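Report on the following structure.
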Amino acid sequence: MRQVTVTEHLLQHQKKSPMATGRFTLLLNELILSAKLISREVTKAGLVDVLGFTGETNVQGEKVRKLDEFANNVLIHRLRRSGVLCAMASEENGDLIQVSGDLPHGDYILIFDPLDGSSNIDVNVSIGTIFSIYRRPLHKSPGAPSLAEVLQRCDKQVAAGYFIYGSSTMMVYTTGNGVHGFTLDPSVGEFLLSHPDMKIPESGRIYSVNESYWNSWDTATQSAVTHFRNAKNARGKPYSSRYIGSLVADFHRNLLYGGIFMYPARRGEDGSYSGKLRLTCEAAPMAFIVEQAGGMATDGVNRIMEYTPTELHQRVPLFVGSLEDVRAVREIMLRGGCDTVPGR
Ligand code: AHG
Ligand code: MN
Ligand code: MN
């Protein structure tokens, strides 16, 4: 079988995709090299001193692990010198990461979750890196882009993808021409096309949700989860429950097998409801990928791709996966008078 690398695949599709420019290829290659460095470090976990916490707390109020910090530093260091970006944003940084004036820069904006599934790092469970790419809309001013230029409607993404550090390391990405998966062959150090034109089954057999939050969900959300647990669904029998706790890993499994991942809004101590997952670096890229694979992503009711973020670290409820399953949740939410979904 002929082995196709990511770059070859992009070039082959160049005629079809306006994204397959030299500059975009450069950006993707820098992301790939960063992921290889992260993957190498992840596989050494336990042998070298990369487990545990740094002692810092990030902008999300979460304790930073050493591998979170390593992954973030690798991505910032490599991408800021790539010459193709004008700004970056990371889950780990409160503000935009500007590309300084004395470095070459370009038109692309990169938003990323350097290491997703942090709580699984120290126990050898799959984790990942998620990325989302936009173009700077218009050069209104010669300087660095403002936050408003970065916070674009999610359907303005020009590419999105993830790397999963699991039983093998894979890259899955879309530029709006389907979803393609590549597996890292460690012996040659290249990602080779292993899953061309991925499609998520129309309905699934797996539901993924952290059910320990049951008591903090509204009744519509409880009804939606119950739908997958009992036999009164289109499948005619209960779905299997699988929850890894790394969005990338839960999403990837459901992409291949079919099913739904849910992170509903939870009632906080002040009585208000909010989601946990970040719109710009988690929900939006997964929404782009799943739609390109024939699936669906909502906040329970509204399409994620129609959200325009109002802040960099905005959180949203997320229901993502097979078309029929996410649709079923939407119907239940609308019937149940769901009051936990924030307005857009
Ligand atoms: P991160 O490690 O980047 O902070 O993301 C963790 C996220 C996501 O990967 C996962 O689906 C979810 O948090 C798990 O949260 P719970 O532990 O609340 O279920
Ligand atoms: Mn994450
Ligand atoms: Mn993270």
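Of GLY143, GLY161, which residue is part of a loop (DSSP other than H, G, I, E, B) and either charged (D, E, K, R) or outside the structural domain of PRO285 (by TED's automatic domain parsing) (or both)?
GLY143
The set of residues from segment 215-241 being within 12 Å of MET262 (Cβ to Cβ) and surrounded by fewer than 12 Cβ atoms within 10 Å (Cβ to Cβ) is empty.
For segment 271-298, enumerate the residues that are assigned to a loop (DSSP other than H, G, I, E, B) and either away from ligand 1 (no atom under 15 Å from the Cβ) or farther than 24 Å from GLU62 by Cα (or both). Talk me through it step by step, then tell me what you get.
To start, the set of residues in segment 271-298 that are assigned to a loop (DSSP other than H, G, I, E, B) comprises 271-272, 275-276, 293-295.
Hits for segment 271-298 are GLY271, SER272, ALA293, GLY294, GLY295.
Determine if segment 50-57 includes at least one residue that is within 16 Å of ligand 1 (Cβ to nearest atom), in contact with a His (Cβ under 9 Å, 6 or more places away or on another chain), farther than 24 Å from GLY176 by Cα and hydroxyl-bearing (Ser, Thr, Tyr). No, the conditions are met nowhere in segment 50-57. If only residues of segment 185-214 that are of a type in the set (S, T, N, Q) and in a strand (DSSP E or B) are counted, the one that is nearest to TYR263 (Cα to Cα) is SER208. For segment 109-125, filtered to residues that are modelled with pLDDT under 95 and away from ligand 3 (no atom under 12 Å from the Cβ), the residue that is nearest to the chain's Cα centre (by Cα) is VAL125.
Keeping to segment 89-109, report how many residues are within 16 Å of ligand 1 (Cβ to nearest atom) and either surrounded by fewer than 20 Cβ atoms within 10 Å (Cβ to Cβ) or part of a strand (DSSP E or B) (or both). Residues that pass the stated criteria total 4. The number of residues in segment 51-80 that are free of Cβ contacts under 8 Å to residues at least 40 places away in the same chain, crowded, with 18+ Cβ neighbours inside 10 Å and among the basic types (Lys, Arg) comes to 2.
The values are calculated or read from the model by the stated rules, or taken from the named source; none is laboratory data. All figures in this text were calculated on a predicted structure; none of them were measured in a lab. Neighbour counts are summed over all protein chains in view; Cβ atoms, including those assigned to glycine, are modelled from backbone coordinates with ideal geometry.
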